[in-house]
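Structure first, then comments.
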Amino acid sequence: MSDGPRLPFLLALSGIAILCVMDALLKKAGAHYPTFQLAFLRFVAGFLWTASAVLILRPAFPSREAIRANSLRGVIGAVTATSFFYGLQTLPLAEAIAFSFLSPLFLALFGALILKEVLGRSTLYGLGFGFLGMLTMTFGQGLASGTGLFSNALHLPGVAAATLSAVTYAFGLVLLRQRAQQDALILIVLFQTMIPALLLAIPALMVWQPVNPAHLWIFLSIGGLGLAGHMLMANAFKRSEAARLAPAEYSALVIAALLGFIFFSEVPGLATFGGASLVILGTIVAMRGRAG
C-alpha cells in the first residue's frame, strides 16, 4: 500500500514543528537549571509519557539485537541533547542555531554512506537552498551587527559542542531510519528517552537545583510533545529515505522564528525573512521532486 510521495515529508514537517514547540518550552525553563539537569528532566518527562503509551499499546518484547541498537541510539541522543544545550548556553542564539542546522547535510551524507541511499537532484537542490537560507539568516545578522562567527575565542567550546550535536543528531536519525523498518515505533521512542535519562541521572544530581513547582507543567508538556514529535519522525523515517527527508529539517528555522516572535517578542530582521524564503523554496523543490 502506497502512502503517497508527500506523506513522509509532511509527517517529518509535523514532527519538527512539534519539537520546535518543545524547544521553546525548554528555552523558557532552561534559564533556571544547569545543562545536565535540564537534559535529564527533559528525558524523564518523555520517559513517563512513553512508558504509559507502552503499557497501553503492549508491543512485543524487543529482541537482543533491537535492545542493543536502540540503546546505542539512546547514548547518541544523550550526547546530542547535552551538547546542543551547552551550545545554546555558551553561544549567541543565532550561532547555535546555525551549527545545529548543519545536521541535514550530515543526514544526507550518512544516509548515502551507511544506508546506501541515492542523493537525487531535487534533494541536493533542496539541501542547497536550505543551507543558503541558514547562512543568510545567521551571517546576515552578524554582518548587520558587525560581529563575526569566530570573533570570540571563548566561543570555541560552544562551537565544538554545537557541531558535535549536529553530527550526532544526523547519525541518530540515520539509525532511526534503520530501526524503524524492524522495531515497534513506540519502543524506539522508549529507548530514546530511557537510556539518556539513565546516563544523565548522576551528572544531573551533581549539579541539581530545586525544581520550581510552577515549572512541573512545563516539563510534563515537554515530555508529551517529545513523544508526539518523535513518533511522527519515526513514522516519517519508516516510510522514506533519510536523504529525502533531510531538507525538512530546515523548516525548523522558519518555525523557530515564528515561535520566537510569538512567545519571546523576538522580531525577525531582514536577514531572517530572506533566509526563511530560501528555506521555504528548498522544501518546495524537495517535495516537487518527490512528487514526480
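The values are calculated or read from the model by the stated rules, or taken from the named source; none is laboratory data. Every value quoted in this text rests on a predicted model; they were computed, and no experiment measured them. Cβ: placed from backbone, ideal geometry, glycine included. Neighbour counts: every protein chain shown.
Hey, can you tell me all the residues within region 49-78 that are of a type outside the set (Gly, Ala, Ser) and under 20 Å from the mean Cα position of the chain (by Cα)? Those that are of a type outside the set (Gly, Ala, Ser) and under 20 Å from the mean Cα position of the chain (by Cα): TRP49, THR50, ASN70, LEU72, ARG73, VAL75, ILE76.
For every residue, the table says whether it meets (1) crowded, with 23+ Cβ neighbours inside 10 Å; (2) modelled with pLDDT of 90 or more; (3) under 15 Å from VAL254 (Cα atoms).
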residue: GLY4; (1), (2), (3): no, no, no
residue: LEU7; (1), (2), (3): no, no, no
residue: GLY15; (1), (2), (3): no, yes, yes
residue: LEU25; (1), (2), (3): no, no, no
residue: ALA39; (1), (2), (3): yes, yes, no
residue: ALA45; (1), (2), (3): yes, yes, no
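For GLN89, the conditions (1) surrounded by fewer than 19 Cβ atoms within 10 Å (Cβ to Cβ); (2) assigned to a helix (DSSP H, G or I); (3) modelled with pLDDT of 70 or more all hold with the exception of (3).
Farther than 20 Å from PHE237 by Cα, crowded, with 23+ Cβ neighbours inside 10 Å and at pLDDT below 80, is that true of GLY142? In short, no.
Exactly one residue out of LEU154, LEU175, LEU105, LEU109 is more than 20 Å from the chain's Cα centre (by Cα) and either over 30 Å from ALA53 (Cα atoms) or at pLDDT 75 or above (or both), and it is LEU154. Quick one: GLN209 ticks every box in (1) within 23 Å of HIS32 (Cβ to Cβ); (2) modelled with pLDDT under 90 bar one, so which box is it? Of everything listed in (1) within 23 Å of HIS32 (Cβ to Cβ); (2) modelled with pLDDT under 90, GLN209 misses just condition (2).
Here ALA234 clears all of (1) at pLDDT 75 or above; (2) farther than 23 Å from GLN181 by Cα except the condition numbered (2).
Just to verify a result, which residue in region 155-199, among those that are of a type in the set (S, T, N, Q) and assigned to a helix (DSSP H, G or I), is nearest to GLN37 (Cα to Cα)?
Looking at the filtered set, the residue picked out is THR193.
Does region 208-224 contain any residue that is surrounded by fewer than 19 Cβ atoms within 10 Å (Cβ to Cβ), under 15 Å from the mean Cα position of the chain (by Cα) and aliphatic (A, V, I, L, M)? Looking through region 208-224, none of the residues is surrounded by fewer than 19 Cβ atoms within 10 Å (Cβ to Cβ), under 15 Å from the mean Cα position of the chain (by Cα) and aliphatic (A, V, I, L, M). With respect to ALA96, determine if the residue is modelled with pLDDT of 90 or more and in contact with a Phe, Trp or Tyr (Cβ under 9 Å, 6 or more places away or on another chain). Criteria not met by ALA96. Among the residues of region 50-67, which ones are closer than 20 Å to PRO196 by Cβ and either among the β-branched types (Val, Ile, Thr) or exposed (fewer than 11 other Cβ atoms within 10 Å of the Cβ) (or both)? Across region 50-67, the qualifying residues are THR50, VAL54, ILE67.
Within region 263-292, residues that are part of a helix (DSSP H, G or I) sit with their Cβ atoms under 9 Å from residues that are among the β-branched types (Val, Ile, Thr) and modelled with pLDDT under 70, at 6+ positions apart or across chains, in these pairs: ALA271/THR138; GLY275/THR138. Do you know which residues across region 27-37 are modelled with pLDDT under 85 and β-branched (Val, Ile, Thr)? None; the set is empty.
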